[in-house]
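To start, the structure under review is shown below, and the notes come after it.
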Amino acid sequence: MIIDCHGHYTTAPKALEDWRNKQIAGIKDSAAMPRAADLKIGDDELRESIETNQLKLMRQRGSDVTLFSPRASFMAHHIGDFEVSSTWAAICNELCFRVSELFPDHFVPVAMLPQSPGVDPASCIPEMEKCVREYGCVGINLNPDPSGGHWTAPPLSDRHWFPIYEKMVEYDIPAMIHVSTSCNPCFHTTGAHYLNADTTAFMQCLTSDLFREFPTLRFTIPHGGGAVPYHWGRFRGLAQEMKKPLLTEHLLNNIFFDTCVYHQPGIDLLNTVIPVKNVLFASEMIGAVRGIDPETGHFYDDTRRYIEACAKLSEADREQIYELNARRVFPRLDARLKAQIGLVGGSAA
């Protein structure tokens, strides 16, 4: 089985974007604020949006299951207040859940949180609980910078975030550390802000003892970890100067990296530097980089090709990256897959 741990609903029907635009307009004019019930998207629209896009590419590229969360750039936690963010998160999470119900063999929901700048993260708990208990979400996306590129929130090691971590530990779910749209003109959203955040999140964990406080807390850092694998010697050296344990002990029981790296040398480097047990297959298909690489003739985000061509990896390594690591990092995913196998066999797993 090939599990893609990083998928977003980037192809949602246009009605979702239209509703969001009305919501944003309603921030200044309350009379224009739409109700959640005003958004009407039928199952046939959801099916078409998936079958002609994500599912089509999954079949072409040979992946089986995608962990599916709301579109990252649409989270835009810096827009409006907590009420705006809460309503928007609930709508987006419900759509991903509906997709998982329509395509239960291929899509598993992951939740966005209704974060808002300056608001206690504990305010996100009700939506998080609903998504895990009612929607079967196997993980969450956690934005370390709800301000949208201005970095006004405390570092991930701060007690500010502990309510989220406590609930993650209770439910035994990981968080993908994923920022949203940058409203800071200094940082292009996908080319700078995303990769900056990946690197920053890792460094915030390195400088702290967060995983002593929460030994079972798990983060996945997307986009191959930003600059982390490329500068692994720098991070090892900094940890050494700070009198931290070796990174294998200090961080690598809790932090994992995905394979959203869109060229062969990058994947080769990732799998040379980072232990196989810490790498999870992902593509973020129909995401930030959607074009065809003129050097290869293949889509940049067809990341399975890079894994197959990586000479560093054995077949056993590939099995870990494609499936086993995801099932270990996402225990609720593992339980869901086992239950599906059991149901197919005629009895509960």
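The values are calculated or read from the model by the stated rules, or taken from the named source; none is laboratory data. Only a predicted model underlies this, so the values are computations on that prediction, with no experimental measurement involved. FYI the Cβ positions are ideal-geometry reconstructions off the backbone, even for glycines, and counts take in every protein chain you see. Each accessible area value is taken on the protein alone, full model and side chains, heavy atoms only, with ligands, DNA and RNA left out. Shrake-Rupley method; radii C 1.70, N 1.55, O 1.52, S 1.80 Å.
Cβ-Cβ contacts under 6 Å between residues 6 or more apart (or on different chains), taken from a first residue in region 9-27 that is on the phi < 0 side of the Ramachandran plot to a second residue that is part of a helix (DSSP H, G or I) and at pLDDT 95 or above, are listed as Tyr9/Cys96; Thr11/Ser49; Pro13/Glu45; Pro13/Ser49. Residues in region 129-171 that are touching a helix residue (DSSP H, G or I) at 6+ places or on another chain (Cβ under 7 Å), assigned to a helix (DSSP H, G or I) and not hydroxyl-bearing (Ser, Thr, Tyr) were compared, and the one that is surrounded by the fewest Cβ atoms within 10 Å (Cβ to Cβ) is His160.
Can you tell me which residue is farthest from Tyr9 (Cα to Cα) among those in region 257-310 that are touching a Pro at 6+ places or on another chain (Cβ under 9 Å) and not in a helix (DSSP H, G or I)? Restricting to residues being touching a Pro at 6+ places or on another chain (Cβ under 9 Å) and not in a helix (DSSP H, G or I), the top hit is Ile274.
Cβ-Cβ distances below 6 Å connect the following pairs, each with a first residue in region 265-283 that is over 25 Å from Arg71 (Cα atoms), a second residue that is open to solvent by 50 Å² or more (accessible area, probe 1.4 Å) and of a type in the set (D, E, K, R), and a separation of six or more residues or different chains: Asn271/Lys312; Thr272/Lys312.
Every residue, every condition in (1) surrounded by 16 or more Cβ atoms within 10 Å (Cβ to Cβ); (2) farther than 19 Å from Gln320 by Cβ; (3) of a type in the set (Phe, Trp, Tyr); (4) touching a His at 6+ places or on another chain (Cβ under 7 Å), yes or no:
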position	(1), (2), (3), (4)
Glu249	no, yes, no, no
Ile255	yes, no, no, no
Leu270	yes, no, no, no
Val276	yes, no, no, no
Phe281	yes, no, yes, no
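Filtered by the rule that a residue be in contact with a Cys (Cβ under 9 Å, 6 or more places away or on another chain), among the small types (Gly, Ala, Ser) and open to solvent by 30 Å² or more (accessible area, probe 1.4 Å), region 58-103 gives a lone residue, Ser86.
From the list Ile255, Ile292, Ile341, the lone residue that is at pLDDT 95 or above and either within 28 Å of Pro109 (Cβ to Cβ) or in contact with a Ser or Thr (Cβ under 9 Å, 6 or more places away or on another chain) (or both) is Ile255. Scanning region 266-313 for residues that are under 26 Å from Leu246 (Cα atoms) and not hydrophobic (A, V, I, L, M, F, W, C) turns up Gly266, Asp268, Asn271, Thr272, Pro275, Lys277, Asn278, Lys312.
Within region 215-242, being in contact with a strand residue (DSSP E or B) (Cβ under 6 Å, 6 or more places away or on another chain) and open to solvent by 50 Å² or more (accessible area, probe 1.4 Å) holds for no residue.
One residue stands out among those in region 179-214 that are open to solvent by less than 10 Å² (accessible area, probe 1.4 Å) and in a loop (DSSP other than H, G, I, E, B): the one that is farthest from Thr272 (Cα to Cα), which is Ser180. Residues of region 30-64 that are free of Cβ contacts under 8 Å to residues at least 40 places away in the same chain and aliphatic (A, V, I, L, M): Ala31, Ala32, Met33, Ala37. For region 316-335, a residue qualifies if it is free of Cβ contacts under 8 Å to residues at least 60 places away in the same chain, in contact with a helix residue (DSSP H, G or I) (Cβ under 7 Å, 6 or more places away or on another chain) and either of a type in the set (Ser, Thr, Tyr) or within 20 Å of His106 (Cβ to Cβ) (or both), and exactly one does: Asp334.
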